[in-house]
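In what follows, a single structure is set out as structure tokens and then discussed.
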Amino acid sequence: MIDEKTEIERLKKDCIILAHNYQIPEIQDAADFVGDSLGLCQEAKKVDKPYILFCGVDFMAESAAILNPGRTVLMPELKARCPMAAMLPAAQVREAREKHPKAAVVLYVNTLAEARAEADVTCTSANAVEIIKALDEEEIIFGPDKNLAWFVQQRCGDKKIIPIPAHGHCRTHILIKREDVLELRKKYPNGEVLIHPECTPEVQVLADRICSTEQMVRRARESQGREFIIGTETGLLHRLKKENPDKIFIPALKKMICPTMKMNTWEKFLIELRERKNVVRVAPEIAERARRATERMLELSK
Ligand code: 13P
Ligand code: SF4
């Protein structure tokens, strides 16, 4: 009987495995590429094998299908749907555009393809400020994360950011409270506090740096510091520890676990790599329009 590792190597001959930084350690270790939403978009576009096994959530896999339509994109679990992405229906984007005809529509990639098709450009937490600064429009309709919208507004004072929906948020990132960070700051006075912009403004103001997941990995690598308080989903700690074995990483909140990301279990991963049944489908006319907005993001964030 062949062992699991040999079987995976054999199955990977025609399939690239892309995994988000929040995936379980076993999946991250088996992946060809692990990264944040932006890195995964850039990587998906380059894939030249027929299959992409995308280990993350729905909107990320849709990005891969949109950017590389010639490939078959698979997911270990098709029900891994990001609740924040579902908070912004396409109709609400159209309504906002009618109400603010001079505004540009910038949507966080954490949005389903149908809504993204209504956008002028998309962004991720790594490039939101860069993208918005590059636009001529002074008014920006921005969704669905109101906390990322707040982060952007603080850095783009000459623009008016209009958040849609008013209460879009990530259920996992809003779990961290000010007290959690303040307590850890007391316990680790030399610790560098890295916070994801999906956290609330009250938490963001306590950060040394506000970063996407990949920016956290980069900062941990480059910083002279030895202790880091990590304000994001705890899956990122696997990579941080693996790549920096002599540094200490403390989760800002241990229960900060995204249930959707964790729907991709090792068992489902293996089944999908073998059987290839969970195909991610985006209607061609939606994909075409969503591609324009997603490609524009990649161009503007070069
Ligand atoms: P990153 O793009 O920073 O990895 O974030 C994606 C995400 O879903 C955060 O909750
Ligand atoms: Fe969505 Fe939040 Fe999970 Fe990221 S952490 S996938 S935004 S629910």
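Of everything in region 237-275, what is charged (D, E, K, R) and within 14 Å of ligand 1 (Cβ to nearest atom)? Give them in sequence order. Passing the criteria: Arg239, Lys262. Among the conditions (1) part of a loop (DSSP other than H, G, I, E, B); (2) out of contact with any Asp or Glu (no Cβ under 7 Å at 6 or more places or on another chain); (3) surrounded by fewer than 19 Cβ atoms within 10 Å (Cβ to Cβ); (4) not polar (S, T, N, Q), the only one that Arg81 does not satisfy is (2). Taking the residues in region 212-241 that are free of Cβ contacts under 8 Å to residues at least 24 places away in the same chain and either part of a helix (DSSP H, G or I) or surrounded by 21 or more Cβ atoms within 10 Å (Cβ to Cβ) (or both) as candidates, determine which candidate is farthest from ligand 2 (Cβ to nearest atom). It comes out as Glu222.
Report whether or not Lys133 is surrounded by fewer than 23 Cβ atoms within 10 Å (Cβ to Cβ), modelled with pLDDT of 95 or more and in contact with a Lys or Arg (Cβ under 9 Å, 6 or more places away or on another chain). It would help to see each step written out before you state the result.
Working: surrounded by fewer than 23 Cβ atoms within 10 Å (Cβ to Cβ): yes; modelled with pLDDT of 95 or more: yes; in contact with a Lys or Arg (Cβ under 9 Å, 6 or more places away or on another chain): yes.
The answer is yes for Lys133.
For region 63-74, the condition of being within 16 Å of ligand 1 (Cβ to nearest atom), over 23 Å from Glu299 (Cα atoms) and in contact with a Phe, Trp or Tyr (Cβ under 7 Å, 6 or more places away or on another chain) holds for none of the residues.
Select the helices (runs of 4 or more DSSP H) contained entirely in region 89-183, then report the ones holding at least 1 residues which are more than 17 Å from Met60 (Cα to Cα), within 16 Å of ligand 1 (Cβ to nearest atom) and touching a residue at least 40 places away in the same chain (Cβ under 8 Å).
Details: elements: 90-99, 113-116, 128-134, 146-155.
Where helices (runs of 4 or more DSSP H) fall fully within region 89-183 and carry at least 1 residues being more than 17 Å from Met60 (Cα to Cα), within 16 Å of ligand 1 (Cβ to nearest atom) and touching a residue at least 40 places away in the same chain (Cβ under 8 Å), they are 128-134, 146-155.
For region 284-300, check the following and say yes or no: at least one residue is in contact with a helix residue (DSSP H, G or I) (Cβ under 7 Å, 6 or more places away or on another chain) and not in a helix (DSSP H, G or I). No, that holds for no residue.
Which one is farthest from ligand 2 (Cβ to nearest atom) among residues in region 255-275 that are outside any helix (DSSP H, G or I) and touching an Asp or Glu at 6+ places or on another chain (Cβ under 8 Å)? Spell out the reasoning first.
The initial filter retains those residues of region 255-275 that are outside any helix (DSSP H, G or I), namely 255-260, 264-265.
Filter again for touching an Asp or Glu at 6+ places or on another chain (Cβ under 8 Å), leaving 256-258, 264-265.
On the way: Met256: 9, Ile257: 9, Cys258: 3, Asn264: 11, Thr265: 16 Å.
Ranking the candidates gives Thr265 first.
Among the residues of region 267-302, write down those that are touching a Ser or Thr at 6+ places or on another chain (Cβ under 7 Å) and either more than 23 Å from Ile17 (Cβ to Cβ) or hydrophobic (A, V, I, L, M, F, W, C) (or both). Reasoning before the result, please.
Filtering region 267-302 down to residues touching a Ser or Thr at 6+ places or on another chain (Cβ under 7 Å) leaves 279, 293-294, 297.
Once the filter is applied, which keeps residues that are touching a Ser or Thr at 6+ places or on another chain (Cβ under 7 Å) and either more than 23 Å from Ile17 (Cβ to Cβ) or hydrophobic (A, V, I, L, M, F, W, C) (or both), region 267-302 yields Val279, Ala293, Met297.
Among residues of region 48-65 that are closer than 15 Å to Cys15 by Cβ, those with a Cβ under 6 angstrom from a residue that is modelled with pLDDT of 95 or more and among the aromatic types (Phe, Trp, Tyr), sequence gap 6+ or separate chain, pair up as Ala61/Phe54; Ala64/Phe54.
Would you check which residues across region 188-202 are more than 21 Å from Arg218 (Cβ to Cβ) and in contact (Cβ under 8 Å) with a residue 40 or more places away in the chain and list them? Correct list: Thr200, Pro201.
The values are calculated or read from the model by the stated rules, or taken from the named source; none is laboratory data. Computed from a prediction, not measured in an experiment: that's the story for all the values here. Virtual Cβ from ideal backbone geometry, glycine too; neighbours counted across all protein chains shown.
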